[in-house]
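Asker: A single structure is presented below for examination.
The values are calculated or read from the model by the stated rules, or taken from the named source; none is laboratory data. Quantities reported herein were computed from a predicted structural model and do not represent experimental measurements. Neighbour counts run over all protein chains shown; Cβ positions are idealised from the backbone, glycine included.
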Amino acid sequence: MGAVSTVTRGREGAEPVSVRVVEAVAAAEGVPVDDLPNRLHGSIDTDALDALYGRGRTGASVTFTHLGYRVSVDEHGEVDVRPR
């Protein structure tokens, strides 16, 4: 794991939540997105995740693990990545 202990990504722009998760994990690892060893879809159904937060939908929160991190997406779509 990289030196960053916690990374948070807000809802800026029109990026799907799955993209924000991958960017946050890469930032926590201190590597470019393309250098992550495993794809996110191995940890969670990315289509379902994006659909849950797509088109301004709110009210749900999701927590799962990916590459040794606890990934949480709050009811507003904000992504928080912390070491497990």
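Asker: Pull up the range 41-71, narrow it to residues that are under 15 Å from Arg82 (Cβ atoms) and of a type in the set (Phe, Trp, Tyr), then point me to the one that is surrounded by the fewest Cβ atoms within 10 Å (Cβ to Cβ).
Answerer: Only one residue fits best here, namely Phe64.
Asker: Could you list all residues from the range 49-84 that are among the polar types (S, T, N, Q) and assigned to a loop (DSSP other than H, G, I, E, B)?
Answerer: Residues of the range 49-84 that are among the polar types (S, T, N, Q), as a first pass: 58, 61, 63, 65, 72.
Matches in the range 49-84: Thr58, Ser61.
Asker: Just give me the residues in the range 21-40 being in a loop (DSSP other than H, G, I, E, B) and either small (Gly, Ala, Ser) or surrounded by fewer than 12 Cβ atoms within 10 Å (Cβ to Cβ) (or both), in sequence order.
Answerer: Pass one, the range 21-40, residues in a loop (DSSP other than H, G, I, E, B): 30-32, 36-39.
Hits for the range 21-40 are Gly30, Pro32, Pro37, Asn38, Arg39.
Asker: Tell me which of these Val7 doesn't satisfy, since it passes every other one: (1) touching a helix residue (DSSP H, G or I) at 6+ places or on another chain (Cβ under 9 Å); (2) under 14 Å from Val79 (Cα atoms); (3) at pLDDT 85 or above.
Answerer: For Val7, the exception is condition (3).
Asker: Still on this structure, I have one more. Starting from residues that are free of Cβ contacts under 8 Å to residues at least 60 places away in the same chain and among the aromatic types (Phe, Trp, Tyr), keep the ones in the range 30-84 and report whichever is farthest from Pro16 (Cα to Cα).
Answerer: Quick first cut of the range 30-84, residues free of Cβ contacts under 8 Å to residues at least 60 places away in the same chain only: 30-67, 70-75, 84.
In the following step, the residues that additionally are among the aromatic types (Phe, Trp, Tyr) were identified as 53, 64.
On the way: Tyr53: 8, Phe64: 17 Å.
Among them, the one singled out is Phe64.
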